[in-house]
Amino acid sequence: GAVVSQHPSWVICKSGTSVKIECRSLDFQATTMFWYRQFPKQSLMLMATSNEGSKATYEQGVEKDKFLINHASLTLSTLTVTSAHPEDSSFYICSARNTGTGLGQPQHFGDGTRLSIL
Amino acid sequence: GENVEQHPSTLSVQEGDSAVIKCTYSDSASNYFPWYKQELGKGPQLIIDIRSNVGEKKDQRIAVTLNKTAKHFSLHITETQPEDSAVYFCAAEDTGFQKLVFGTGTRLLVSP
C-alpha cells in the first residue's frame, strides 16, 4: 500500500519551455503533498507544501511564479516549471501524506523526475 | 525551526556486520522521526519510523531508537547485505509547519 506515482520519470527539453510533472497517490487520499528538489549527492530540499483545494505554501527562496503547483484533487498534484532554463535542471521528487491524519503520519515518495534543460 | 544533523556521511561495512547511523534534532517539540532509504535514481522509501511515545521500534533486521532527553535517534541495521547499500536519510517532523526536516544523508556500502 501507500504507492505514489510520479510522471514523467525523465524529461529533456529546450530552454524556455514549460514542463509539467504529475504526482499521484494510487491507493490512498492525500490532503497534503510535498514537492522537493534534490541536487546530486545532497539531501532533499523542500520547495513547497501543497494542500488540496488551496494555494501552495512555498519555502523561502522558491519562486512561486517559476514553480506552479496545483493540487486539484485528493490524489493528484502537479508541478509546472515555467520557462525552464539550464539552472532548473535537477531531480524533482513529490511525496504524499494520508488524508486527515495530521501530525506524525508518514510521507510516501514518488520515484522522482529527472529534468534536463538544454 | 527544526534542524537535523546526521552522521556519518559515509559508512562501509562487510556483509553480515551491523551498521549504525545517528541523528540529532534541535526542536524538543518534534515527535515523529522517519528513516528513508534512497537507491540511485529513485525516490526515498520509508523503511521505519518512530514516534516520541516509544523509545525503540524493530522490524526484522532494522531497528530505531529514540532518546528524547538527548534529542537523538539512531538507525540500526543488523546482518547487513549488499542490497542494503544505499543512501539513508533521517528526518524529524517540524510540528509548527508539519513538514519533514531531513538530515544530510549517509551513504552505506556493504561489501560482499
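Site pair B:Ala29 and B:Gln45 shows an inter-label distance of 3.5 nm when each label is modelled 7 Å from Cα along Cα→Cβ.
Based on every Cα atom in chain B, Rg and the maximum pairwise Cα distance Dmax equal 13.5, 44 Å. Note on the range A:1-65: with charges restricted to the Cβ of Lys and Arg (+1) and Asp and Glu (-1), its dipole about the Cα centre is near 220 debye.
Counting charges near B:Arg51 (Lys, Arg +1; Asp, Glu -1) among other residues having Cβ under 14 Å from its Cβ returns a value of -1. Once you order the gyration tensor axes a ≥ b ≥ c over the Cα atoms, which shape class does the range A:2-44 get: rounded for a/c under 1.5, otherwise prolate or oblate by comparing a/b with b/c? The shape class here is oblate. Each label was represented as a point 7 Å from its Cα along the Cα-to-Cβ direction; for B:Asp59 and A:Cys13 these points are 3.5 nm apart. Working ranking of peptides A:10-17, A:87-94, A:40-47 by packing, defined as the average number of other Cβ atoms within 10 Å per residue, highest first, is A:87-94, A:40-47, A:10-17.
Restricting attention to the protein assembly as shown, close to 90% of DSSP beta bridges with both partner residues there are antiparallel. A straight Cα-to-Cα reach below 19 Å connects B:Lys22 with the lysines A:Lys41, B:Lys37, B:Lys57, B:Lys58, B:Lys68, B:Lys71, residues fewer than 8 places away in its own chain not being considered.
Of all the options B:Phe97, B:Phe73, B:Phe89, the one that moves most in a Gaussian network model of chain B with Cα springs shorter than 10 angstrom is B:Phe97. Distance from the C-alpha centroid of the range B:15-38 to that of the range A:43-112: 24 Å, rounded to the whole angstrom.
Highest-first packing order for the peptide set B:57-63, A:79-85 is A:79-85, B:57-63, based on the mean count of other beta carbon atoms within 10 Å.
Simple rule: put +1 on each Lys or Arg Cβ and -1 on each Asp or Glu Cβ in the range A:11-118, find the dipole, and look at A:Tyr58, A:Met45, A:Leu26; the Cα lying farthest toward the positive end is A:Met45.
Run a plain Debye calculation on the protein assembly as shown (Cα atoms as equal point scatterers, no solvent) and give log10 I(q)/I(0) at q = 0.11, 0.13, 0.14, 0.18 Å⁻¹, rounded to two decimals, same order as the q list. With one equal scatterer per Cα and no solvent, log10 I(q)/I(0) is -0.56, -0.77, -0.89, -1.35.
Whole-Hz Karplus values for the range B:77-86 come out as 10, 9, 6, 4, 10, x, 6, 7, 4, 4 Hz, taken residue by residue from phi with 6.51 cos²θ - 1.76 cosθ + 1.60 and θ = phi - 60°; glycine and proline positions read x.
The numbers here are math on the coordinates, done by the rules we state, and not lab data. Because the structure is predicted, anything quoted here is derived from the model rather than measured. For neighbour counting, all protein chains shown are included, and Cβ atoms are generated from backbone atoms with ideal geometry for every residue, glycine included.
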